[in-house]
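Report on the following structure.
The values are calculated or read from the model by the stated rules, or taken from the named source; none is laboratory data. Here the structure is a predicted model, which means the values were calculated and not measured. Here the Cβ positions follow ideal geometry from the backbone for every residue, glycine too, while neighbour counts run over all protein chains shown. Please note that ligands, DNA and RNA were not included when accessible areas were found on the heavy atoms of the full protein model with its side chains. Shrake-Rupley method; radii C 1.70, N 1.55, O 1.52, S 1.80 Å.
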Amino acid sequence: MNQENQRKNPFFEPYNTPHDTVPFDRIRLEDFEEAFMEGIRRDNEQIEKIINNLEKPTFDNTIISVDDEKDNYYDLLSRTSSVFFNLLSAETNDDMDALAQKMSPILTKHANDIRLNGRLFERIKYVHRHHRKLTAEEKMLLDNCYDGFVRSGALLDDAGKERLRQLTEEASMLGLQFSQNLLKEQKAFTLHLTDEAQLDGLPDTAREAAALAAKERGLDGWLFTLDYPSFSPFMTYSTQRELRRQLYMARNTECIHDNTENNLGICKRLINLRREIAQLLGSKTYADYVLKHRMAGNVRNVYKLLNDLIDAYKPTAIKEREELQKMAQKTEGKDFRLEPWDMGFYSHKLQMKKFNIDAEMLRPYFQLDKVISGVFGLATRLYGITFKENPDIPVYHPDVKAYEVFDRDGSFLAVFYADFHPRQGKQGGAWMTEYQGQWKERTDIHRPFGPDNCKNVRPHVSVVMNLTKPTVEKPALLTLGEVETFLHEFGHSLHGMFANTRFESLSGTNVWWDFVELPSQFMENFAVEKEFLRTFAFHYETGEPLPDELINRIVRSRNFMTATACLRQVSFGLLDMAYYTKKDEFTDDIIPFEKKAWKKAILGEQRMDTCMTVQFSHIMAGGYAAGYYSYKWAEVLDADAFAVFKREGIFNPQTAQRFRDCVLSKGGTENPMVLYKRFRGGEPTIDALLKRTGIKAHPSPPKGRSDC
C-alpha cells in the first residue's frame, strides 16, 4: 500500500500539534467534505442515543448531551466547520467557494434536523419543567437550549416546520452568495496608474505600497485597490479629484452592476426571508424576533438610542459640515460643492489647519512589530498575561503569527493567531474568531463534574485584519486608526482568551450581540492615552519616542469630526432597523428605500447611483441583522466603563481584575446587565460618551464594586 493510500484525514485523529492546534499544513480541500459528512453521521448517532434513552430525561442525560460536553468523537462537525468557515473568510479560493455552495444546504438541513426533532424536544421540554437544583450557569444553559429550540421552530406543526426548513436553507445559501459576490467585486477592481503626475499629493507610504502591488501583478507603475490600506490614503491625500471620484464610485457601486455579482435581488430576498421566518415563529417583525434576546429588549429602545444620538450629535455635525464646506470654497471658489469623494481630502486639510496632525505624521512611530509589543504589553500591565510566538504552531498563511498566551501565574491560557494584511482571497474589514472555544470537561465521566474532576480546555482565538503591508523600502507602518482596529479586535480576543466557564456555548464571546462589542470598544480607549503610547510608539528609523507635542495634538484632535462619524454609524443602524421592522412583504427598490431610511442622520444631498445595502455584510451575511445598533449601544457601555478606569487609574490592576472577573471571564453565563452592574456598581448612562466626544461634561461616575 502506497503512502497516499495510508494517509488519514487530519480531522479524524488527534492533531498531535502544540496545544492540539489545527494542522493547517496537513489539511487538503478534499478533507473537509469527508469530515463534514462523517461529522453529520456522528451527530445523528448521538441524537439517536439521546432520544432512545429509556431513562427519564434529566439535565445530565439530555441537556448536556445536546450541548455536547466535549467528546473528541462527537466534536468532529464543529471542529471541521470552524476551520472551513474561518478559512472561507481569510484564505478562500474558487474551489473553497464551490465547496461552501455545496455544503451550505447540507449543513443547514442537518441543523434543522436537530432543532426540529420532535422526540428530542420533548425530552428538553420535560427537563425544562422538571429538573434538579441547578447552578446559575446550568440554568442559563437549560434556558438557552429550550429557547433555542423554540426559536428554531420546535413548537411549529409539521407544515410550519417544513416551511421553516425551506426558508432557512434558502437564507443560508443567499447569505453565502452575498459574501462571495462582494469579495469578487472588491478584488476585481484596480486603479492602475503609469503617470507619476497622477500620484500628486500621495505620501511616500502610499506610493511605495502601490508600486509593490503593481509589481506583484507583473505591472509597471502603481496599482490601487479597494482594500482599506490602499483606498483610504488615496481618498485622503490625492489631489486628483477625478481619480478620487473613480475610486469612490468603484467602492460604492459594488454589487449593483448588471453582472453575476449583483446583490440587489439577494438583499431583497434575504429581508423577506427573515421577515417570514420571524412571523412563522410568532413575532411581528424580524427585529422583534431578534431583540427578545438583546439588552435593548425591543424596537422602541433601539430607536430611542438612535434618536437620542441624533438629537445630541446632529447640531454639532451640521457645524462640522459647514466648516468643511467653507474651507473647501476658500480653496476652490464659492461655487464649489463638496461631493462624497471630497470629504476625506478636505477633512484632512481642515484637520491639518486646526491641529497640524494627520495619519502620515504618526505612521513612522507605529511600526507593526512595535505595535504588537505595545498591545501585548498593555495586556500584561492590565492582567499579567504574556505572549510568546511559537513557530511550531502551524498557520494557514505566512502572514499569520501564532502565539502561546500565559496567565499571571505562568499557566497556559490560550493560543492567539494574528493575521495582519490584505490579500486576494481575504474578505475586507477586521474580525475576531475562534478555532477552539473554552470549556471544562470531566476527566472521569463516571464521576460528577466538580473542581477535582474537570479539565479546563483553553481556547484558540484569532484576529484577522487588513492592515498596511510592509514594502521593499519600509516595514509595515500603521495609522492611528489601524492601531485602534488592532486594539478593537484584540479586545474581542481577550474576551475569548479569558473565558472560564463550564460550557463552550456560554464561554467567551457567546453573549448577547449588543454586549459583545463592549470588550473590543473598551480597548480602543487606550489608543490616545500617553502612558500607553509611551510603551511602543518609537520612530522606526531613529528610535525616538513619539514627541509629547504630537501626543498632545492627538488628544486635542480626538473629537475632530466626531459628530459626523457618530451620525454615519447611526445612519447604518437606521437602515438596518428599517429593513427588519417591515411587517409586510418588502417590495421597494433597494436604493431609494435606503436613501429614505437613513435620511434623518444624513447631511447633504444623497447620490442615487451608489448603494450601501448590497455591501452591508454585517446585516446581510454577518449576523448583525436587526442588530447594527449594537456598536452604539456598546459604545455607551465602553465609555462608561473606561470612565471608571480613568478615575481609578487606567492601569490599575485591581480595576482590571474586576473587569476580567465580572465581564471578560463570564461569557454568557448571566444576563449582561447583571455582569456589567457587578463591575460598575450601577447602570451605565450616555453621559460618559457625550463627555468623551466633547458634546457635554458630566460628574465623576460612582465607584465600581468588586462583588464578582
Any residue in the range 671-684 that's closer than 18 Å to residue 137 by Cβ: show its pairings with residues that are open to solvent by 50 Å² or more (accessible area, probe 1.4 Å) and of a type in the set (Lys, Arg) at Cβ separation under 7 Å, as long as the two are six or more apart or on different chains.
675/666; 678/705
Matching entry among 129, 151, 123 (being more than 17 Å from residue 47 (Cα to Cα), at pLDDT 95 or above, among the basic types (Lys, Arg) and open to solvent by less than 70 Å² (accessible area, probe 1.4 Å)):
151
Checked the range 378-400 for anything touching a strand residue (DSSP E or B) at 6+ places or on another chain (Cβ under 9 Å) and within 20 Å of residue 495 (Cβ to Cβ); matches are 379, 380, 385, 386, 387
Near pairs, Cβ below 6 angstrom, 6+ apart or cross-chain, from the range 304-331 (acidic (Asp, Glu)) to any residue that is open to solvent by less than 70 Å² (accessible area, probe 1.4 Å) and not in a helix (DSSP H, G or I)
320/561
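To keep it simple, each residue is scored yes or no on (1) modelled with pLDDT of 95 or more; (2) not in a helix (DSSP H, G or I).
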| residue | (1), (2) |
| --- | --- |
| 651 | yes, yes |
| 666 | yes, yes |
| 669 | yes, yes |
| 675 | yes, no |
| 678 | yes, no |
| 685 | no, yes |
Inspect the range 405-418 for any residue being over 19 Å from the mean Cα position of the chain (by Cα), at pLDDT 95 or above, surrounded by fewer than 18 Cβ atoms within 10 Å (Cβ to Cβ) and among the acidic types (Asp, Glu) and give the result as yes or no.
yes
Only unsatisfied item for residue 487, checking (1) in contact (Cβ under 8 Å) with a residue 40 or more places away in the chain; (2) under 22 Å from residue 674 (Cβ atoms), is (2)
Can you find even one residue in the range 183-199 that is of a type in the set (Gly, Ala, Ser) and crowded, with 19+ Cβ neighbours inside 10 Å?
no
Among the candidates 556, 568, single out the residue that is at pLDDT below 95, more than 30 Å from residue 442 (Cα to Cα) and open to solvent by 30 Å² or more (accessible area, probe 1.4 Å).
556
Please state which one of 294, 245, 274 is over 15 Å from residue 578 (Cα atoms), in a helix (DSSP H, G or I), among the basic types (Lys, Arg) and touching a residue at least 12 places away in the same chain (Cβ under 8 Å).
245
Please work out if residue 509 is open to solvent by less than 10 Å² (accessible area, probe 1.4 Å), in a loop (DSSP other than H, G, I, E, B) and β-branched (Val, Ile, Thr).
no
When the residues of the range 344-390 are filtered to those that are in a strand (DSSP E or B) and of a type outside the set (D, E, K, R), which remaining residue is nearest to residue 247 (Cα to Cα)?
367
